[in-house]
1. Count, please, the residues in the stretch 44-66 that happen to be free of Cβ contacts under 8 Å to residues at least 40 places away in the same chain and in contact with a strand residue (DSSP E or B) (Cβ under 7 Å, 6 or more places away or on another chain).
2. Identify the single condition in (1) modelled with pLDDT under 90; (2) in contact with a helix residue (DSSP H, G or I) (Cβ under 7 Å, 6 or more places away or on another chain); (3) farther than 16 Å from residue 178 by Cα that residue 382 does not satisfy, given that it satisfies every other one.
3. Report, by residue number, each residue of the stretch 357-379 that is in a loop (DSSP other than H, G, I, E, B), in contact with a helix residue (DSSP H, G or I) (Cβ under 7 Å, 6 or more places away or on another chain) and over 19 Å from residue 180 (Cβ atoms).
4. Residues that are over 23 Å from residue 150 (Cα atoms) and in contact (Cβ under 8 Å) with a residue 40 or more places away in the chain: find the helices (runs of 4 or more DSSP H) completely inside the stretch 237-331 holding 2 or more of those.
5. Show me the helices (runs of 4 or more DSSP H) entirely contained within the stretch 1-69 in which 3 or more residues are at positive phi, assigned by TED's automatic domain parsing to the domain that holds residue 398 and surrounded by 17 or more Cβ atoms within 10 Å (Cβ to Cβ).
6. For the subset of the stretch 212-238 comprising residues that are modelled with pLDDT of 95 or more and under 15 Å from residue 131 (Cβ atoms), which member is surrounded by the fewest Cβ atoms within 10 Å (Cβ to Cβ)?
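The values are calculated or read from the model by the stated rules, or taken from the named source; none is laboratory data. A quick note: this is a predicted structure, and the numbers were derived from the prediction, not measured. Neighbour counts are summed over all protein chains in view; Cβ atoms, including those assigned to glycine, are modelled from backbone coordinates with ideal geometry.
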């Protein structure tokens with residue numbers, strides 16, 4: 001399928017990278033000549049310099065042959081205009097990044113089939129990571145019955161030094177599957193003979209109500225969090241605070257700018273502190289310790305990095321930082337940043353769902369890997385219905401991590417028979433996603 005992307009910034013570049021890896025035909029429109037040249041050199045894409053809302057430029061990009069049009073610049077207005085032009089030229093589906101709520105409300109009448117705003121999903125992700133100490137990734141599927149969770153294996157975990165096969169008798173009654181082991185830059189899909197070592201970044205699919213039990217096997221911290229300190233007074237920070245307050249946590253938001261802090265104090269239930277979130281003396285005065293987590297959610301990577309590093313230095317047991325540059329995630333795990341967030345990845349996850357075929361319900365990528373998890377609903381015409389998993393022919397670089405059936409969930413075994421209506425969650429490397437879809441979708 002040809003996919004036309006307007007914008008070669010962080011969002012557009014990341015989406016292009018994922019789609020090219022899957023064998024999609026990608027065309028990028030970018031007004032900035034240098035950005036267009038850089039992405040053309042780095043990826044197997046056609047980069048066209050120009051205005052993404054211009055019909056002439058869109059025709060040069062071949063939108064008349066495109067199955068999907070994505071507008072992901074930093075300008076809501078530019079994205080809406082681009083989608084409107086593409087729709088007028090016959091593109092069957094348009095997706096635009098639109099953060100302004102008023103504009104998002106009217107965007108369907110302006111040619112935007114799907115308007116995405118990653119702030120809400122980023123806030124949900126931040127709250128989930130804050131809830132589980134030690135976890136680096138957490139995504140939920142099948143109405144939150146199944147969770148994909150990741151973390152770093154420690155020496156104290158009973159899984160360290162064992163193979164996946166060794167774990168099975170130790171985990172009787174616990175429903176989970178080791179989806180992947182990330183060691184350095186290599187991602188290995190979990191198999192019976194896959195060895196788990198201290199320092200590995202392990203990705204596990206588990207029943208949501210058993211997540212703490214499961215991650216404890218790998219030596220990942222399971223201590224409940226009581227207080228969350230959020231650095232930066234952004235809208236994402238406010239949304240994260242509201243989620244955490246509703247689940248009974250104490251929340252402090254630190255904002256340096258006086259006017260912004262005063263505004264937040266009037267409209268947010270969290271405690272607002274006006275201070276420099278990178279000041280070690282101020283952070284030390286909070287007496288950070290067991291039961292606390294610090295989350296950097298400002299709009300500046302540097303502030304989030306420094307604030308979390310300072311907090312770690314004065315005793316914070318866990319820190320989470322939001323970054324615009326997604327590639328920093330794996331570089332910071334051993335220097336005082338326990339987990340990272342990226343609104344760019346959140347945007348990509350929301351949009352990748354629409355690149356897939358029908359009945360793809362959700363998509364989640366895992367940082368530091370070229371793999372993603374996809375939730376698929378099996379229809380009556382699916383070639384997989386009625387087959388035992390052992391006879392499904394799943395690619396070696398993919399694993400079926402869980403099934404939601406009716407009101408229950410199950411972790412599949414070789415003799416599990418797939419049924420119509422099953423919600424299956426697959427963890428797969430990008431190069432075999434197309435093959436997985438052909439196995440499962442009608």
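1. The qualifying residues number 8.
2. With respect to (1) modelled with pLDDT under 90; (2) in contact with a helix residue (DSSP H, G or I) (Cβ under 7 Å, 6 or more places away or on another chain); (3) farther than 16 Å from residue 178 by Cα, residue 382 is out only on (1).
3. Those that are in a loop (DSSP other than H, G, I, E, B), in contact with a helix residue (DSSP H, G or I) (Cβ under 7 Å, 6 or more places away or on another chain) and over 19 Å from residue 180 (Cβ atoms): 357, 378.
4. 301-313
5. So the answer is none; nothing clears 3.
6. 227
Rundown of residues vs (1) in contact with a strand residue (DSSP E or B) (Cβ under 8 Å, 6 or more places away or on another chain); (2) assigned by TED's automatic domain parsing to the domain that holds residue 68; (3) under 28 Å from residue 177 (Cβ atoms); (4) modelled with pLDDT under 90, yes/no style:
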site	(1), (2), (3), (4)
99	no, yes, no, yes
105	no, yes, no, yes
112	yes, yes, no, no
136	yes, no, yes, yes
142	yes, no, yes, yes
146	yes, no, yes, no
153	yes, no, yes, no
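Per-residue answers, yes or no, for (1) over 13 Å from the mean Cα position of the chain (by Cα); (2) modelled with pLDDT under 90; (3) buried (at least 24 other Cβ atoms within 10 Å of the Cβ):
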position: 302; (1), (2), (3): yes, no, no
position: 313; (1), (2), (3): yes, no, no
position: 326; (1), (2), (3): no, yes, no
position: 336; (1), (2), (3): yes, yes, no
position: 344; (1), (2), (3): no, yes, no
position: 348; (1), (2), (3): no, yes, yes
position: 353; (1), (2), (3): no, yes, no
